[in-house]
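A quick write-up on the structure given underneath.
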Amino acid sequence: MAELFAVAAPGLAAFVAQELHALGLLPAPEAGVEAGGVTFSGGASAIGRANLHLRTASRVLVRLGGFRAVGFEELRKYAARLPWERHLAPGQPIALRVTCHKSRLYHSGAVAERVAAAIGDRLGALPPVQKFDEESDAPGDSAPPQIVLVRLLHDQATVSIDSSGALLHRRGYRLATAKAPLRETLAAGLLLAAGWNPLADPPPPLLDPFCGAGTIAIEAALLALGIAPGRRREFAFMQWPGFDAALWAELLAAADAQQQAQAAQVAGRLQILASDRDAGAVEMAQANAARAGVGHAIEFSCRPVSALDPPPGPGWLVTNPPYGVRVGAGHDLRNLYAQLGKVLRARCPGWQVALLGNDRQLLGQMGMAFDTSLGLVNGGIKVMAARARV
């Protein structure tokens, strides 16, 4: 059993913990939550299932070990004792991410150099070191390097290896994006924060009137149909020397069986409606939904907020409206928010509302009592998950 860590963006750790608990990988939904993510434990099956199924995590790390290091010689000696051969072949390229806080070893470049040398000591060949780029899948046309993370805090070194590869929000379906695209992990987190449950009887309708690239609606459809978010991509652990292809095939088969059962449960009853006043954005959203395999589960339309036409009965409106930063910057959005509030009160009585925002004055234009206690980050911008009942 290895110590594992699911990395989470600000505000999402509690939802990652809920997901891990639902997967049977965490004893309680509040266990293991700490700054930046959730600690849990497991072997190859847990690593595979976490990468395959987690909707709100950014990465899944394997803790290789920890030790005290106050000098570079000590750092290299103890790092060389870690089981690098389980995750790296001799000469395999690596990318190092080093952070140093309140430690005598404070130069991240020098720490990275010693850790790379330690890997060479253990494996018999110095690994090529490539620049760490969080947003890149791979440098050029070459295979992506194995990411190694080293954290020094109060002279205590923690060394981890990444099992995910590209960030987990990269599901593989979103090739076309509208302005200021929303990360898939954040969209999934907003849906969980809203409390939308597509497995309720009957499934409540979901509406996104500012769909943009369609991320919220697509993540909702993946959730409702039981489609594992990592089903269409590969992961770094598949390149490890001990990768068990038979076990991975079993995990995929189990995920597919779960998907078939859940899709049958909601068949003919699911209502996910996505709209935008920008016809180009709607076209991109439709293309993304088709690539995700959920185009049949979402009804797209091009219309302004004033033409909102919700289905009968209480439902959920979950959306990411413009809030004056990047998209809509320099424009007065007060009328848009006031119009949205007016339409909701007139046409969506009893509905639940969850939206991202960063301006309480704009939210105030809607005339609703929002809970803004959940703070998140969208593209480096601090935002709130504003939740209310119409």
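The values are calculated or read from the model by the stated rules, or taken from the named source; none is laboratory data. Predicted model only: the values in this text are computed from it and were never measured. Positions of Cβ are generated from backbone atoms using ideal geometry, with glycine treated the same way; all protein chains shown enter the neighbour counts. The accessibility values were calculated without ligands, DNA or RNA, using every heavy atom of the protein model including side chains. Shrake-Rupley method; radii C 1.70, N 1.55, O 1.52, S 1.80 Å.
Accessible surface computed residue by residue for the stretch 24-97, with neighbouring protein chains in place and a 1.4 Å probe, gives 41 Å² per residue. Carbon-plus-sulfur accessible fraction, the stretch 1-151 (probe radius 1.4 Å, protein heavy atoms only): 53%. Per residue, the stretch 213-265 exposes an accessible area of 43 Å² to a 1.4 Å probe, with every protein chain left in place. Report, for the chain, the % of DSSP beta bridges that are antiparallel, rounded to 5. Antiparallel bridges make up about 60 percent of those DSSP assigns within the chain.
Across the chain, the convex hull enclosing all Cα atoms gives 146 Å³ per residue. From the alpha carbon centroid of the stretch 236-259 to that of the stretch 190-213 is 30 Å. The spread of Cα positions in the stretch 32-147, taken along each principal axis and listed from longest to shortest, comes to 40, 36, 26 Å.
Once backbone amide H atoms are built at 1.01 Å from N, residue 98 has 150 as its partners under 5 Å, excluding neighbours fewer than 5 places away on the same chain. Non-local lysine pairs in the chain, meaning eight or more places apart or on different chains, with alpha-carbon distances under 28 Å, amount to 8.
Packing-based ranking of 281-290, 183-192 yields 183-192, 281-290, ordered from highest to lowest mean Cβ neighbour count within 10 Å. Note on residue 121/residue 45: beta-carbon distance plugged into 1/(1 + (r/R0)^6) with R0 of 41 Å gives a FRET efficiency of 0.85.
Length available on full extension from residue 290 to residue 106: 0.36 nm per residue minus the Cα-Cα distance, which gives 61.4 nm.
For the stretch 159-213, the alpha carbon positions stretch 45, 29, 17 Å along the principal axes, listed from largest to smallest.
Among beta bridges from DSSP that stay inside the stretch 1-152, the antiparallel ones total about 60%. Using the empirical formula 2.2 N^0.38 Å as the baseline, the Cα radius of gyration of the stretch 263-355 reaches a ratio of 1.19.
One quarter of the surface of the convex hull around the alpha-carbon atoms of the stretch 301-374 equals 5.3 nm², the direction-averaged projected area.
Secondary-structure-derived ellipticity at 222 nm for the chain, considering helices only, amounts to -9500 deg cm²/dmol, per-run term -39500 (n - 2.57) for DSSP H runs with n ≥ 4.
From largest to smallest, the equivalent ellipsoid semi-axes obtained for the stretch 335-384 from the alpha-carbon gyration tensor read 21, 12, 9 Å.
Annotation: amide H-H contacts under 5 Å for residue 2 (H modelled 1.01 Å from N, sequence separation of 5 or more, or interchain): 42, 43. The calculated P(r) of the stretch 109-252, using every Cα pair and 5 Å bins from 0, goes 2, 7, 13, 16, 15, 14, 12, 9, 7, 4, 2, 1, 0 in percent. Using modelled backbone amide H atoms (1.01 Å from N, in-plane), which distant-in-sequence or interchain residues come within less than 5 Å of residue 32's amide H? Residues meeting the criterion, in which the H sits 1.01 Å from N, do not exist here. Cα convex hull, the stretch 1-97: 129 Å³ per residue, rounded to a whole number.
Peptides 193-201, 102-110, 144-152, 43-51 ordered by packing proxy, namely the average of other Cβ atoms within 10 Å per residue, highest first: 144-152, 43-51, 193-201, 102-110.
Taking each residue as 0.36 nm, the span from residue 86 to residue 372 lengthens on full extension beyond its C-alpha to C-alpha distance by 98.5 nm.
Helix 245-266: angle to the longest alpha-carbon principal axis of the chain, degrees 0 to 90, nearest 10? Around 10 degrees separate the two axes. Between residue 35 and residue 234, the modelled label-to-label distance comes to 3.7 nm, taking each label 7 Å out from Cα in the direction of the beta carbon. The stretch 354-390 and the stretch 48-102 have Cα centres spaced 37 Å apart. Among 173, 78, 323, the largest mean-square fluctuation in a Gaussian network model of the chain (Cα springs under 10 Å) belongs to 78. Scaled against the 2.2 N^0.38 Å expected of a compact globular protein of N residues, the Cα radius of gyration of the stretch 211-303 reads 1.29. The convex hull around the C-alpha trace of the stretch 178-337, projected and averaged over every direction, spans 11.1 square nanometres. About its Cα centre, the dipole of the stretch 285-390 is roughly 100 debye, where the only charges are +1 on Lys and Arg Cβ and -1 on Asp and Glu Cβ.
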